[in-house]
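Engineer: Below is one structure. I have some questions about it.
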Amino acid sequence: MMIDLSGKTALVTGGGQGLGRAIALVLARQGADVAIGDIDLGNAEESAALIRDSGRRAMALKLDVSSRSGAKQAVDQIVDEWGAIDILVNNAGVVSARARDGESVPTEEEWEFVLGVNLNGVVNCTDAVLPHMSSARYGKIINIAS
């Protein structure tokens with residue numbers, strides 16, 4: 001299903017690879033300009049290059065979604081350069097509850113890391129875009145979880 005997203009701007013967190021990259025490419029094919037936020041700037045740049053090759057504007061941002069100030073800085077950069085942010089896809093996520101030495105319960109540090117990205121990341125990025133979307137009286141937020 002094709003949707004006309006011409007003139008819209010999107011931020012895809014965790015867009016440097018996998019599902020996030022695929023989502024970013026679909027948004028671009030449908031006409032959106034896409035900012036790729038990822039903890040790995042190299043991966044974000046690769047995704048952005050693929051989008052630019054399709055003729056859309058793309059921006060690669062090093063983004064640690066677990067950082068409230070980092071999320072705000074990324075969103076402010078998008079708005080400063082493109083004038084708006086219309087779509088947020090909260091896609092960044094991690095799994096770190098792995099067994100060690102027969103232990104199946106994650107450590108406290110692992111839980112803090114997982115919650116920092118998977119929970120706080122969604123809150124941080126959503127809080128960062130809300131003022132812009134509210135003033136524009138438009139915005140779409142998509143949350144992905146597993």
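The values are calculated or read from the model by the stated rules, or taken from the named source; none is laboratory data. For clarity, every value in this text was computed on a predicted model and none was experimentally measured. Cβ coordinates were reconstructed from backbone atoms using ideal geometry, including for glycine residues, and neighbour counts include every protein chain displayed. Accessible surface areas use protein heavy atoms only, side chains included; no ligands, DNA or RNA. Shrake-Rupley method; radii C 1.70, N 1.55, O 1.52, S 1.80 Å.
Engineer: Does ILE85 satisfy being open to solvent by less than 10 Å² (accessible area, probe 1.4 Å) and in a loop (DSSP other than H, G, I, E, B)?
Structural biologist: Details: open to solvent by less than 10 Å² (accessible area, probe 1.4 Å): yes; in a loop (DSSP other than H, G, I, E, B): yes.
The answer is yes for ILE85.
Engineer: Report whether or not SER66 is open to solvent by less than 20 Å² (accessible area, probe 1.4 Å) and of a type outside the set (A, V, I, L, M).
Structural biologist: Details: open to solvent by less than 20 Å² (accessible area, probe 1.4 Å): no; of a type outside the set (A, V, I, L, M): yes.
In short, no.
Engineer: Anything in segment 10-40 that is touching a Lys or Arg at 6+ places or on another chain (Cβ under 9 Å), open to solvent by 60 Å² or more (accessible area, probe 1.4 Å) and part of a loop (DSSP other than H, G, I, E, B)? List them, or say none.
Structural biologist: The answer is ILE39, ASP40.
Engineer: On to the next question. Kindly establish whether GLY121 is within 21 Å of THR9 (Cβ to Cβ) and crowded, with 16+ Cβ neighbours inside 10 Å.
Structural biologist: Working: within 21 Å of THR9 (Cβ to Cβ): yes; crowded, with 16+ Cβ neighbours inside 10 Å: yes.
Yes: the conditions hold for GLY121.
Engineer: List the residue pairs whose Cβ atoms are under 6 Å apart, where the first residue sits in segment 116-129 and is under 7 Å from VAL65 (Cα atoms), the second is at pLDDT below 95 and among the β-branched types (Val, Ile, Thr), and the two are 6 or more positions apart or on different chains.
Structural biologist: Filtered contacts from segment 116-129: VAL117/VAL94.
For every residue, the table says whether it meets (1) open to solvent by 60 Å² or more (accessible area, probe 1.4 Å); (2) closer than 30 Å to SER6 by Cβ; (3) of a type in the set (S, T, N, Q).
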{"residue": "GLY42", "(1), (2), (3)": "no, yes, no"}
{"residue": "GLU45", "(1), (2), (3)": "yes, yes, no"}
{"residue": "LEU50", "(1), (2), (3)": "yes, yes, no"}
{"residue": "ARG56", "(1), (2), (3)": "yes, yes, no"}
{"residue": "GLY70", "(1), (2), (3)": "no, yes, no"}
{"residue": "GLU110", "(1), (2), (3)": "no, no, no"}
{"residue": "CYS125", "(1), (2), (3)": "no, yes, no"}
